[in-house]
């Protein structure tokens, strides 16, 4: 909600700056941004009472003196005779109507009304709707204006459950579905209660006789409707959060006052239907409880003074909650009021000592498994559970974000296959992934299983020991036998026939319930460790990569380390990775063969052959400066 | 290779994999909290409205319960938990105070953009004992944030609203760029929630807090787009060894 600084400060005799008010609002818990002297407020959903000038000033009154006594029409008003029936009193326990007629529609607005539209850059509609909108901003109570001559039959408020076309006063056509609280005339909906009125009974620029409806609707009946019908309205925002049930008479009298400042009122009449008296809430004064909840020392006088400034009344050792604070019901609610006034940041820390817990072996087996897989070059992934493919036992999401992914996965392997193909398309020739996650199925009730899934394809590793070895069932079986020599796992070779790939290497997968792994694996001594620090992310290039190899023949073994260091410390913007893929001692020839693979990739551009050659040749030139190093063929 | 012949062993013999950075962050935070005395409890990702909302004092009219915010399954008989708080409820129902429980895991909400995903991770904690105060909650939060971001970090507490805590607060940290960044929510457990779990709220009080793991991981690793975490891209994952 947008509130202009000038609209607030005019009622604050101390004339605080916008920054001072901003600091006070933050302390009170009212988040906002400021742009061009306008507060763009984001209130928590329990503070519907703050959605107005009056409401915000009520909270600021704890820090500043406030002079907000808006004139209201105080004379006696005739009773309105209206043919109205409330068939849903539980949803609308109180409603009032005002009918008034003016002699002439004003062409110009007084300053306060004009400022509201100009300062907040709002569009005007028609006189009565403009007054209604302004008063919602000023008082927090939405009202709805009907052109009185259109309400020519019995007006009924009720909750209906039927499909019906409805056109809003802003020309939006919607189809009402399921249950809706509405006003009807002649069995036709004319107003979607608490959301927006209809076009058929709306006021126009020529309306001189208006019927103003001022109601309290239970938030439960309003909530979700504006999203459902895609109608953004100030009224729904306020009714969803709750308005002041006891303010209707004052608001309608203020309506009369504002109208009377613009036009001569020829006739007016008012009626109020109160089906359930608002009992109000009283909470015992208990400063010791407040002290205990917050953890501070505060004397009773200061405590009660804070509450009084916020609009609470103190009656015979009870705190009487004002009607506009429907969020306050308990001592904890009052403690929060006090804490807000003191300022959360001004409450000192008090040392906490939680008794030590001895139960520390949570998911030890699962964690041991994760580090075991890390030791073998596997990367942990996390996948979304939402999938498009349905199986008999898959759980269906009633309201998916994407209708093509309306089921919960019943296995992890399918996700890992997608991950594998994604990485293969990015020219990865060794892909080893695992995921541990719960999966759910729904045969005879919802069942949960915690599964480990692994997938691997391509080269065993990017190092001279593993580069020439292909991942196969034998490799994975041997790997798992290291931790569970007596277990036989059913590794699957997944067919590539139905996959969108030209790569031929075998895909080996395993999906197994975590329960298969016993405490036997806890004796495994992992080499991998949890990172000690949090590495800074280096943006990833999506451009294609290229590889080039260099192979050396070395007879002076003392030069091997120098060559290795040259490659491993080589810096270039286009070199993504260098690894040794071949390291072989030829005993007969008394020489060592060593091969380096260089992976080139740029973050800015697709590399040309010339750009790659430049770096490649530089590496060759530098390496050949080392005595006793040869590149066969050069 | 024969070292005896003067052939040196080379580096890069073994490639190690890496934990997923979100799981690493979650584990780090949970280990920290365990060192403070919390016990880890677990719960299902498919929950009932009772545990996900009702027991936590989230009324039928609360916007979070709407179909546009929460994923419902099995013709609205169950839902994908929107927070890990229902696990705390299970913890309170199973144990007697004093109790200190944490839970971590996946949660689901109907969001999808550069900073929100329909699936994300939370760690939440609750401590119920006699005379727990907001001042003690502040002490715990300072300890958590100092452990995560160092003792030079500036933080502030803002009043907020959660149906399950009262008073409630959100905590921001000041970034190097001078921007306040929301980092966690916390509060004193609403006595209604304690009573829902058969805990005498006249005798006991509690504190609770919850952190979004992705948010903290993004800050710690300098990742701007939350979606990077879930592409399973080896170029991304290999950076977090």
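The values are calculated or read from the model by the stated rules, or taken from the named source; none is laboratory data. Keep in mind the model is a prediction, meaning the values are calculated, not measured. When we count neighbours, we look across all protein chains shown, and the Cβ atoms used for this are built from the backbone with ideal geometry, even at glycine.
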If you go through the stretch A:450-479, how many residues are in contact with a helix residue (DSSP H, G or I) (Cβ under 9 Å, 6 or more places away or on another chain), buried (at least 16 other Cβ atoms within 10 Å of the Cβ) and not in a loop (DSSP other than H, G, I, E, B)?
9
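How many residues are within 13 Å of chain B (Cβ to nearest Cβ) and in contact with a strand residue (DSSP E or B) (Cβ under 9 Å, 6 or more places away or on another chain) if we restrict to the stretch A:590-610? Let's see the steps before the verdict.
Looking only at the stretch A:590-610, we keep the residues that are within 13 Å of chain B (Cβ to nearest Cβ), and these are A:590-597, A:599, A:601, A:603.
Those still in the list that are in contact with a strand residue (DSSP E or B) (Cβ under 9 Å, 6 or more places away or on another chain) too: A:591-597, A:599, A:601.
Adding up the residues that qualify gives 9.
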When the stretch A:208-230 is examined, which residues are found to be touching a helix residue (DSSP H, G or I) at 6+ places or on another chain (Cβ under 9 Å), surrounded by 22 or more Cβ atoms within 10 Å (Cβ to Cβ) and either modelled with pLDDT of 95 or more or more than 26 Å from residue B:60 (Cβ to Cβ) (or both)?
A:210, A:211, A:212, A:214, A:215, A:216, A:217
In the set B:54, B:42, B:69, the lone residue that is under 19 Å from residue A:227 (Cβ atoms) and surrounded by fewer than 21 Cβ atoms within 10 Å (Cβ to Cβ) is B:69
Could you figure out which of (1) touching a residue at least 12 places away in the same chain (Cβ under 8 Å); (2) in contact with a strand residue (DSSP E or B) (Cβ under 7 Å, 6 or more places away or on another chain); (3) within 7 Å of another protein chain (Cβ to nearest Cβ) isn't true of residue A:319?
(3)
Cβ-Cβ below 9 Å, separation at least six or inter-chain, first residue in the stretch A:496-517 and within 30 Å of residue A:367 (Cα to Cα), second exposed (fewer than 11 other Cβ atoms within 10 Å of the Cβ): which pairs?
A:507/A:495; A:510/A:490; A:512/A:490
Considering (1) in contact with a helix residue (DSSP H, G or I) (Cβ under 9 Å, 6 or more places away or on another chain); (2) surrounded by fewer than 22 Cβ atoms within 10 Å (Cβ to Cβ); (3) over 28 Å from residue A:333 (Cβ atoms), say which one residue B:121 fails and leave the rest.
(2)
Residues being more than 7 Å from chain A (Cβ to nearest Cβ) and not in a strand (DSSP E or B) - total across the stretch B:158-194
10
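Return the only residue of A:345, A:333 being within 14 Å of chain B (Cβ to nearest Cβ), surrounded by fewer than 18 Cβ atoms within 10 Å (Cβ to Cβ), part of a helix (DSSP H, G or I) and within 29 Å of the chain's Cα centre (by Cα). Lay out the reasoning, then the answer.
Working: A:333 fails: surrounded by fewer than 18 Cβ atoms within 10 Å (Cβ to Cβ).
Only one candidate passes the filter, namely A:345.
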Can you name the residue in the stretch A:540-576 that is free of Cβ contacts under 8 Å to residues at least 40 places away in the same chain and touching a strand residue (DSSP E or B) at 6+ places or on another chain (Cβ under 9 Å) and is also farthest from residue A:459 (Cα to Cα) among such residues?
A:557
Name the residue that is surrounded by the most Cβ atoms within 10 Å (Cβ to Cβ), counting only residues in the stretch B:7-39 that are under 28 Å from residue A:354 (Cα atoms) and in contact with a helix residue (DSSP H, G or I) (Cβ under 6 Å, 6 or more places away or on another chain).
B:25
Residue list for the stretch A:100-130, restricted to those being closer than 23 Å to residue A:194 by Cα and touching a helix residue (DSSP H, G or I) at 6+ places or on another chain (Cβ under 6 Å):
A:116, A:124
Does the stretch A:430-449 contain any residue that is away from chain B (no Cβ under 11 Å), farther than 30 Å from residue A:598 by Cα and in a helix (DSSP H, G or I)?
no
Single unsatisfied condition, residue A:259 versus (1) crowded, with 16+ Cβ neighbours inside 10 Å; (2) outside any helix (DSSP H, G or I); (3) away from chain B (no Cβ under 11 Å); (4) in contact with a helix residue (DSSP H, G or I) (Cβ under 7 Å, 6 or more places away or on another chain):
(2)
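For the stretch A:386-402, which residues satisfy the criterion of being in a loop (DSSP other than H, G, I, E, B) and within 7 Å of chain B (Cβ to nearest Cβ)? First the steps, then the outcome.
To start, the set of residues in the stretch A:386-402 that are in a loop (DSSP other than H, G, I, E, B) comprises A:388-395, A:398-402.
Result: A:395, A:398, A:399, A:401.
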Out of (1) within 14 Å of chain B (Cβ to nearest Cβ); (2) in contact with a strand residue (DSSP E or B) (Cβ under 6 Å, 6 or more places away or on another chain); (3) not in a loop (DSSP other than H, G, I, E, B), the odd one out for residue A:49 is which?
(2)
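Per-residue answers, yes or no, for (1) surrounded by fewer than 20 Cβ atoms within 10 Å (Cβ to Cβ); (2) within 16 Å of the chain's Cα centre (by Cα); (3) facing chain A (nearest Cβ under 9 Å):
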{"site": "B:46", "(1), (2), (3)": "no, no, yes"}
{"site": "B:95", "(1), (2), (3)": "yes, no, no"}
{"site": "B:103", "(1), (2), (3)": "no, yes, no"}
{"site": "B:110", "(1), (2), (3)": "yes, no, yes"}
Among (1) more than 24 Å from residue A:140 (Cα to Cα); (2) in contact (Cβ under 8 Å) with a residue 12 or more places away in the chain; (3) surrounded by fewer than 18 Cβ atoms within 10 Å (Cβ to Cβ); (4) not assigned by TED's automatic domain parsing to the domain that holds residue A:129, residue A:302 falls short only on (2)
